[in-house]
Amino acid sequence: MPNQNLPANVDELIQFISVNSDSYETVIKHLAPSLKQIPQPFYLQGTSDNKDPLDVLDQNFCSLPYTYFLAARCQADRPNVARLIQHILSFLTVFDARQVRLVPDKFLQVAQGLCRLTTLYGNGVIAIKPLANALQRYAPTPNHLTNLHQMFIKECLLSRCYKQALPILKNDITEIDVPSTAIFYTDHLLYHYYGAMVYIGLKNYERALYFLRLVISAPASVTSQIQIEAYKKFSLVSLLLHGKIAHLPKYTASVVFRSVKNQCQAYQDFASAFESLNVKRLRNEFVKWTDIFRKDKNLGLAKQTLNAIYRRNIQQLTQTYLTLSLADIADAVGLEGRDAPKIAENYVLRMIESREIFATISHSHQNGMVSFHDNPDRYDTSLTITQLEEQINKSTTVSERVIKTDRLVGCSKEYLTKSQHMLTTGGAIPGGLGPGDDPDFLGGSAGFEHFIDDGKYFS
Amino acid sequence: MMEEKDNVAKRKRTLDITVEAPNNLDLETYISNYRGHTKVDRLLFIAKRCPILQNDAYRLALQELRDNSLDHNRYISAATKLNEALTVQGFPSFSIDNTWVDSTQKRAKSLLERLEVELKNYKNNLIKESIRMGHNDLGDHYYNCGNLTNALKCYSRTRDYCTTAKHVIEMCLNVIKVSIELGNFSHVHSYVIKAESTPDIQPVVQAKLKVAAALAHLDNNKYKLAARLFLETSFEISHAANNYSEVISPNDIAVYGGLCALASFDRSELKSKVIDNTEFKQFLELEPHIRELIHGFYNSKYSVVLDILDKWKNDYLLDLHLHSHVENLYDNIRKKALVQYFSPFLTVDMNKMAQSFGTNVQNLERELAKLITDNHIQARIDSHKKILCAKQQDQRSGIFYKALKMGDEFEQSTNAMLLRMNLLKSNLVVSTSQK
């Protein structure tokens, strides 16, 4: 019985720890199960010669027990804030990730504790950077989602350190490993929802849209409120970006579609008003739904769309006209009043600056004449080559990941039983590919498009 | 989708329009092409819409009802309307033939009773053919009395007793006729298909079915399909012995077919399916202006086209089937003319273009802008110099742009699917269960 071997006091505990911390194997075999059974108060005490175990233990070699001590102290009633923060911060720079992954719950408590303590201390920002570093070491690969992700991004949001979140957010999450990261479906939803909010704050709408889409299309048998909130933001962001509500993947759960339809009336009406490109109609809808937008905390985004509709209209004009006077532009995009041409000029100027349109304004004619041009980028510079190469590299990485997954599926028990069953009953093997033997479908240009459009291989 | 909505909205707007005066319509000759219900329907339709022809139309309708039907209810209602109109204009009122009404009422009733008794007897004797005849006669009677829903029921009932292909076709034609009058065109479709699947259809029947299906497509705003069917219709339908004048006249086929074709065909189709179509040429002989219209369009004489369209517009607004489509068809034809006008050029002076289309530059610019936004014309407007310029497509840049975009999309969607797959594998599904 392991119970009998349990240390009776802190001194013994530390002894026990140092004996068993030699190798990873002994840590897993002896230390981990025992530490779990030790009662919490143990972790709060000091040794008999009045030393703090936090000072005694090595932060790297004894990462596992150290996590237990820190977690317990973070939850204690009256911790020594400054000292504890010190300990946590230094621990976060040196911990052994393999040991820590054995107790993801405790590690999360430490991280949360750090945030709480620093906030108590009056400066939440100092937790951000160490956490970011810790998170990068803690995650098995940058593509793994961990239980720390969503709380970290949330902290970034709360302390408005959007940029600090980027090194984490820029890695697309594709890997899920529940045992070593202790995640729940809300981790996935919240991480991507908060991530989208960070990107919205940084005005990277493309990426925000991608994150929100992940939330909405998450596998679901019921609809989560997070998904509904995500859809609200999704509709506004896609208006800003594309002028209409972007499409959702086919595999989006039908319950989600239904709940969204029932609960996001305001956003859908607003979007169809935007799609009509009718400024007056959009303003009316905006007035009508202002309270709802405010309640959902989406008023800022909604206000941006009021601006975006002019830009969208001007963009439309570039498709239709080569030259157009400022007065005509003002008229066509729905600007009103005596100053309309001036405002229109302002919009055009700003859009030229941000390279949304390519145009020149000439004031040699009366009222000012705008000439629209095509995109001057002829794609014949070294920049294009760099871009293309970068893109190809990325695609190859993704493809490799797919091939790896394909092999894993091919080796999985489910696949083998199923294909065996199919063979004996004379049916075709699902997917048509043996385990990883022909990943050619990724390289063929003809199959490429099909591969994107048709998610059947994965769903 | 949007366009369809647009079409429906436009149709509603033209539903109750009043036509001041017809351009070329001669009521007597026009209506002599028809017989039966459609004659009355068309007359009453014209009477409702065109004040000038109102009196004559009502009189002709009353005449037809009295001579060739037992529909006393309709007779009375038409007469009342005529009298209302006459009183307004200060003319002496029309005297209703009450003796005819009374006697017809009685006759219709006794006939109905007799037919019902006969049918009952047939049913007792269980002879299929007699039962079918009984239902058919009863249907004919209801039809004569203007009770269309009951007529439809009786005709449909004969279905179970049809023994030969001929019977099936007879049943189908009856149902189609009544359904067209009721405006139930989805019914028309299914029965046309049913009839066409029977073996050995005579060419005349085939032609009738084509026309019926075409009308159904027209009602559904499917102008291209309608045009094709009208154009495939055999000219045999115009022979006195087997005409379809209880539904449509050969002149109508020329007009409907011509307009639908113009509104929906491209140039090569117009040439191969309309101008080189010997069968349809015979129809066009009946309505020379439609022929002129089509040739004008094909030869790019747009002022002629617009002129003819304008001249005949009021007449078409008085047509029972065509009226609600006139605006749509005209719009489409004009759009196509604009597109075709520009197609051979790199740049076009909008002043000249406006002249050929009988409009001013401002309006033309608006029309063109709409066409460009809807992607019908690949061009851009130089609003300063008033020139329309064809869009220079830079294929190379396009490819680069697309390739980069596609790479992005590939990366995103693949990553999303990998994530999804792993989520499913770990069973991280949004559900009501708690941690």
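I need the full set of residues from region B:140-154 which are over 13 Å from B:Leu111 (Cβ atoms) and not in a loop (DSSP other than H, G, I, E, B), in order please. Spell out the reasoning first.
Going through region B:140-154, the residues over 13 Å from B:Leu111 (Cβ atoms) turn out to be B:146, B:148-154.
Selection gives B:Leu148, B:Thr149, B:Asn150, B:Ala151, B:Leu152, B:Lys153, B:Cys154.
Would a scan of region A:44-58 turn up a residue that is β-branched (Val, Ile, Thr) and either touching a Leu at 6+ places or on another chain (Cβ under 8 Å) or closer than 29 Å to A:Gln150 by Cβ (or both)? Before the answer, list the steps.
So in region A:44-58, the residues β-branched (Val, Ile, Thr) come out as A:47, A:56.
Keeping just the survivors that are either touching a Leu at 6+ places or on another chain (Cβ under 8 Å) or closer than 29 Å to A:Gln150 by Cβ (or both) gives none.
Checked against the condition, which is being β-branched (Val, Ile, Thr) and either touching a Leu at 6+ places or on another chain (Cβ under 8 Å) or closer than 29 Å to A:Gln150 by Cβ (or both), region A:44-58 yields no hits at all.
Do we have any residue at all in region A:159-176 that's within 19 Å of A:Glu229 (Cα to Cα) and either at pLDDT 90 or above or among the aromatic types (Phe, Trp, Tyr) (or both)? It would help to see each step written out before you state the result.
So in region A:159-176, the residues within 19 Å of A:Glu229 (Cα to Cα) come out as none.
No - not one qualifying residue is present in region A:159-176.
I want to confirm something. Restricting to region B:181-204 and keeping residues that are in contact with an Asp or Glu (Cβ under 9 Å, 6 or more places away or on another chain) and assigned to a helix (DSSP H, G or I), which single residue is surrounded by the fewest Cβ atoms within 10 Å (Cβ to Cβ)?
B:Pro203
Here is a check on your reading of the model: is B:Ala379 in contact (Cβ under 8 Å) with a residue 12 or more places away in the chain, surrounded by fewer than 18 Cβ atoms within 10 Å (Cβ to Cβ) and under 45 Å from the mean Cα position of the chain (by Cα)?
Values: in contact (Cβ under 8 Å) with a residue 12 or more places away in the chain: yes; surrounded by fewer than 18 Cβ atoms within 10 Å (Cβ to Cβ): no; under 45 Å from the mean Cα position of the chain (by Cα): yes.
Spelling it out, it is not the case that B:Ala379 is in contact (Cβ under 8 Å) with a residue 12 or more places away in the chain, surrounded by fewer than 18 Cβ atoms within 10 Å (Cβ to Cβ) and under 45 Å from the mean Cα position of the chain (by Cα).
How many residues does region A:166-185 hold that are within 28 Å of B:Asp408 (Cα to Cα) and out of contact with any Ser or Thr (no Cβ under 9 Å at 6 or more places or on another chain)? Explain how you work it out, then say what you get.
Pass one, region A:166-185, residues within 28 Å of B:Asp408 (Cα to Cα): A:166-177, A:185.
In the following step, the residues that additionally are out of contact with any Ser or Thr (no Cβ under 9 Å at 6 or more places or on another chain) were identified as A:166-170, A:172-173.
Residues flagged as within 28 Å of B:Asp408 (Cα to Cα) and out of contact with any Ser or Thr (no Cβ under 9 Å at 6 or more places or on another chain) within region A:166-185 amount to 7.
Can you tell me which residues in region B:359-412 are in a helix (DSSP H, G or I) and of a type in the set (Ser, Thr, Tyr)? Quick ask: steps written out before the conclusion?
Here is the first cut: in region B:359-412, the ones in a helix (DSSP H, G or I) are B:361-373, B:395-412.
Hits for region B:359-412 are B:Thr373, B:Ser397, B:Tyr401.
Checking B:Ala21 against (1) modelled with pLDDT of 85 or more; (2) out of contact with any Phe, Trp or Tyr (no Cβ under 8 Å at 6 or more places or on another chain); (3) among the small types (Gly, Ala, Ser), only one condition comes out false. Which one?
Result: B:Ala21 passes all but (1).
Among the residues of region B:24-43, count how many are surrounded by fewer than 21 Cβ atoms within 10 Å (Cβ to Cβ), of a type in the set (A, V, I, L, M, F, W, C) and either in a helix (DSSP H, G or I) or at pLDDT 85 or above (or both).
1
For region A:150-161, state whether one or more residues are surrounded by 18 or more Cβ atoms within 10 Å (Cβ to Cβ), free of Cβ contacts under 8 Å to residues at least 60 places away in the same chain and within 14 Å of chain B (Cβ to nearest Cβ).
yes
On the basis of being more than 7 Å from every other protein chain (Cβ to nearest Cβ) and more than 28 Å from A:Val370 (Cα to Cα), does B:Lys386 make the cut? Break it down into steps so the answer makes sense when it comes.
Numbers: more than 7 Å from every other protein chain (Cβ to nearest Cβ): yes; more than 28 Å from A:Val370 (Cα to Cα): no.
No: the conditions fail for B:Lys386.
For region A:373-412, which positions are away from chain B (no Cβ under 12 Å) and exposed (fewer than 12 other Cβ atoms within 10 Å of the Cβ)?
The initial filter retains those residues of region A:373-412 that are away from chain B (no Cβ under 12 Å), namely A:382, A:407, A:410-411.
If the condition is that a residue be away from chain B (no Cβ under 12 Å) and exposed (fewer than 12 other Cβ atoms within 10 Å of the Cβ), then A:Ser382, A:Cys411 are the ones that fit.
Quickly run through region A:127-137 and pick out the residues that are more than 17 Å from the chain's Cα centre (by Cα), over 9 Å from A:Thr93 (Cα atoms) and surrounded by 20 or more Cβ atoms within 10 Å (Cβ to Cβ).
Result: A:Ala127, single match.
May I ask you to list pairs of residues, at least six apart or on different chains, whose Cβ atoms are under 6 Å apart, with the first in region B:78-104 being touching a residue at least 24 places away in the same chain (Cβ under 8 Å) and assigned to a helix (DSSP H, G or I) and the second being of a type in the set (A, V, I, L, M, F, W, C) and surrounded by 13 or more Cβ atoms within 10 Å (Cβ to Cβ)?
B:Ala78/B:Ala61; B:Ala78/B:Leu62; B:Leu82/B:Phe94; B:Thr104/B:Leu70
Among the listed residues A:Glu285, A:Glu275, identify the single one that is within 13 Å of chain B (Cβ to nearest Cβ) and either under 30 Å from A:Gly337 (Cβ atoms) or touching a Pro at 6+ places or on another chain (Cβ under 8 Å) (or both). Lay out the reasoning, then the answer.
Numbers: A:Glu285 fails: within 13 Å of chain B (Cβ to nearest Cβ).
Result: A:Glu275 is the single residue among A:Glu285, A:Glu275 that is within 13 Å of chain B (Cβ to nearest Cβ) and either under 30 Å from A:Gly337 (Cβ atoms) or touching a Pro at 6+ places or on another chain (Cβ under 8 Å) (or both).
Read through the list (1) under 22 Å from the mean Cα position of the chain (by Cα); (2) without any contact (Cβ under 8 Å) to a residue 60 or more places away in the chain; (3) assigned to a loop (DSSP other than H, G, I, E, B), then give the number of the only condition that B:His321 fails.
Among (1) under 22 Å from the mean Cα position of the chain (by Cα); (2) without any contact (Cβ under 8 Å) to a residue 60 or more places away in the chain; (3) assigned to a loop (DSSP other than H, G, I, E, B), the lone unmet condition for B:His321 is (2).
Report, by residue number, each residue of region B:132-175 that is among the aliphatic types (A, V, I, L, M), more than 27 Å from the chain's Cα centre (by Cα) and surrounded by fewer than 20 Cβ atoms within 10 Å (Cβ to Cβ). Can you show your working first?
Kept after step one, since they are among the aliphatic types (A, V, I, L, M), are these residues of region B:132-175: B:133, B:138, B:148, B:151-152, B:165, B:168-169, B:171, B:173, B:175.
Still in the list and also more than 27 Å from the chain's Cα centre (by Cα): B:133, B:138, B:165.
Result: B:Met133, B:Ala165.
For region B:289-298, indicate whether the set of residues that are hydroxyl-bearing (Ser, Thr, Tyr), surrounded by fewer than 20 Cβ atoms within 10 Å (Cβ to Cβ) and in contact (Cβ under 8 Å) with a residue 12 or more places away in the chain is non-empty. Even if it seems obvious, please write down each step before you answer.
To start, the set of residues in region B:289-298 that are hydroxyl-bearing (Ser, Thr, Tyr) comprises B:298.
If we keep only those that are surrounded by fewer than 20 Cβ atoms within 10 Å (Cβ to Cβ) too, we end up with B:298.
Subsequent filtering for residues that are in contact (Cβ under 8 Å) with a residue 12 or more places away in the chain retains B:298.
Yes - at least one qualifying residue is present in region B:289-298.
Which residue is nearest to A:Pro142 (Cα to Cα), if the candidates are limited to region B:404-435 and must be small (Gly, Ala, Ser) and facing another protein chain (nearest Cβ under 7 Å)? Before the answer, list the steps.
Initial filter on region B:404-435 (small (Gly, Ala, Ser)): B:407, B:413, B:416, B:426, B:431, B:433.
Still in the list and also facing another protein chain (nearest Cβ under 7 Å): B:407, B:413, B:416, B:426, B:431.
Details: B:Gly407: 21, B:Ser413: 18, B:Ala416: 15, B:Ser426: 18, B:Ser431: 27 Å.
Restricting to residues being small (Gly, Ala, Ser) and facing another protein chain (nearest Cβ under 7 Å), the top hit is B:Ala416.
Restricting the first residue to region A:316-330 and requiring it to be within 9 Å of chain B (Cβ to nearest Cβ) and surrounded by fewer than 20 Cβ atoms within 10 Å (Cβ to Cβ), which pairs with a second residue that is part of a helix (DSSP H, G or I) and of a type in the set (A, V, I, L, M, F, W, C) meet a Cβ separation below 7 Å and a spacing of at least six or different chains?
Here the result reads A:Gln319/B:Ile372, each pair linking region A:316-330 to a residue that is part of a helix (DSSP H, G or I) and of a type in the set (A, V, I, L, M, F, W, C).
Give region B:389-399 a look and list any residue that's modelled with pLDDT of 85 or more, facing chain A (nearest Cβ under 9 Å) and under 13 Å from B:Phe345 (Cα atoms), or say none.
Residue satisfying the conditions is B:Cys389 alone.
The values are calculated or read from the model by the stated rules, or taken from the named source; none is laboratory data. In this text the structure is predicted, and so the values were computed from the model without any measurement. We place every Cβ from the backbone using ideal geometry, glycine too, and count neighbours over all the protein chains shown.
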